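Shown next, in structure tokens, is the structure this report addresses.
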Amino acid sequence: MALAAVVVALPVLGDHVGVPLLLAAAFVGGVAPDADLLASHRKTLHYPVGFSALSGVSLGAFLLTSSPGLLVLTVAVGGAALHSVSDVLGGSAEREPWNPVTENGVYNHALGRWHRPRRYVRYSGAPEDFLVCLAFAAVAISAGATPAAADTALVGLVAFAGLYSLCRKRLAAIGATLDRLIPRRLRAVVPAVRVTETETDGTTVDIRFGR
Ligand SMILES: [Zn+2]
């Protein structure tokens, strides 16, 4: 979504900053919040209000100064804001969101509580999730404003999303199978990954080294 938004706005934004840098800022900003899978997912790095306010302030500062750095910051933080807000439209943050047992959509740090998931897209990797990905990628690619290498990368992202959707419900089983295939001697260096759910803090992916 962040990439598509930037591509559509390229005729205006491209005068200030190079296209590759803008696309990189949108991509990194767009995926960055999910780094909190390693902490408290959809809480630690998801700031629907904070990122939105910060991107608004950054946009205002850019409009006043025309500083390219502020534009890159606006795109990156705007991507993170779009991510944090739109996660509310998806499923809950839990191990099997297709069999939901919690109502934790996205944490709102300003209100100090979770937003309930609207479940228009039931879970990440659901068929409808892939269709959303496909639609935004089609917008970005068909705009014709991106270099050929970016279009190739977008097609690669769509392929990855398709593979993820096909495997999504079996990720735990696939992980367990791969884990069993790890030779005993390598177990000390290959981390153990465990997904935990808590009533109040959403999902955490725990990675442990040295088994
Ligand atoms: Zn997220």
What are the chymotrypsin sites (Phe, Trp or Tyr not before Pro) within the range 143-211 that DSSP puts in a loop, where the Cβ has at most 16 other Cβ atoms within 10 Å? Phe209
What's the ranking of 7-17, 96-106 by average number of surrounding C-beta atoms within 10 Å, highest first? 96-106, 7-17
222 nm mean residue ellipticity, helices alone, for the chain (DSSP H n ≥ 4; -39,500 (n - 2.57); rounded to 500): -16500 deg cm²/dmol
Taking a 1.4 Å probe, which of Ile141, Ile182 shows the most accessible area, and what order do the others take after it? Ile141, Ile182
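Highest first, please rank the peptides 60-68, 21-29 by the mean number of other Cβ atoms sitting within 10 Å of their residues.
21-29, 60-68
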Zone residues, the range 66-89, relative to Val19, backbone N less than 18 Å from point 7 Å out along Cα-to-Cβ: 72
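With a 1.4 Å probe and every protein chain kept in, tell me what percent of the accessible surface of the chain is carbon plus sulfur.
Whole-percent figure for carbon plus sulfur exposure: 69.
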In terms of solvent-accessible area of protein heavy atoms at a 1.4 angstrom probe, what is the ranking of Arg180, Arg42, highest value first? Arg180, Arg42
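Out of every Cα pair in the range 25-125, what percent are spaced more than 19 Å from each other?
The proportion of pairs with Cα distances above 19 Å equals 43 percent.
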Percent breakdown of C-alpha pair distances by 5 Å bin, ordered from the shortest bin, for the range 110-174: 4, 16, 18, 17, 15, 13, 10, 6, 1
Per residue, how much accessible surface does the chain expose to a 1.4 Å probe? Answer in Å², no decimals. 56 Å²
Can you order the peptides 45-51, 78-84, 148-154 by their average number of other Cβ atoms within 10 Å per residue, highest first? 78-84, 45-51, 148-154
Volume of the Cα convex hull of the range 2-208, divided per residue and given in Å³: 135 Å³
Treat every Asp and Glu Cβ in the range 2-208 as -1 and every Lys and Arg Cβ as +1, leave all other atoms uncharged, and give the resulting dipole magnitude about the Cα centre to the nearest 20 debye. 720 debye
Name the residue farthest towards the positive end of the dipole of the chain from the options Leu21, Thr44, Ala172, assuming +1 on Cβ of Lys and Arg, -1 on Cβ of Asp and Glu, about the Cα centre. Ala172
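Say R0 is 25 Å: what FRET efficiency, to the nearest 0.05, do Ala9 and Arg118 get from their beta-carbon distance? Show your work: numbers first, answer last.
Values: r = 26 Å, r/R0 = 1.05.
With R0 = 25 Å, the Cβ-Cβ based efficiency is 0.40.
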So the angle from the long Cα axis of helix 127-142 to the longest Cα principal axis of the chain, reported in degrees to the nearest 10, equals 30 degrees
Counting only protein heavy atoms and leaving out ligands, DNA and RNA, the solvent-accessible surface of Leu73 at a 1.4 Å probe, in Å² to the nearest 10, equals 80 Å²
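The values are calculated or read from the model by the stated rules, or taken from the named source; none is laboratory data. For clarity, every value in this text was computed on a predicted model and none was experimentally measured. Because the Cβ atoms are built from the backbone with ideal geometry, glycine has one as well, and the counts that use them run over all protein chains shown. Side chains are part of the model used for accessible areas, which takes the heavy atoms of the whole protein and leaves out ligands, DNA and RNA. Shrake-Rupley method; radii C 1.70, N 1.55, O 1.52, S 1.80 Å.
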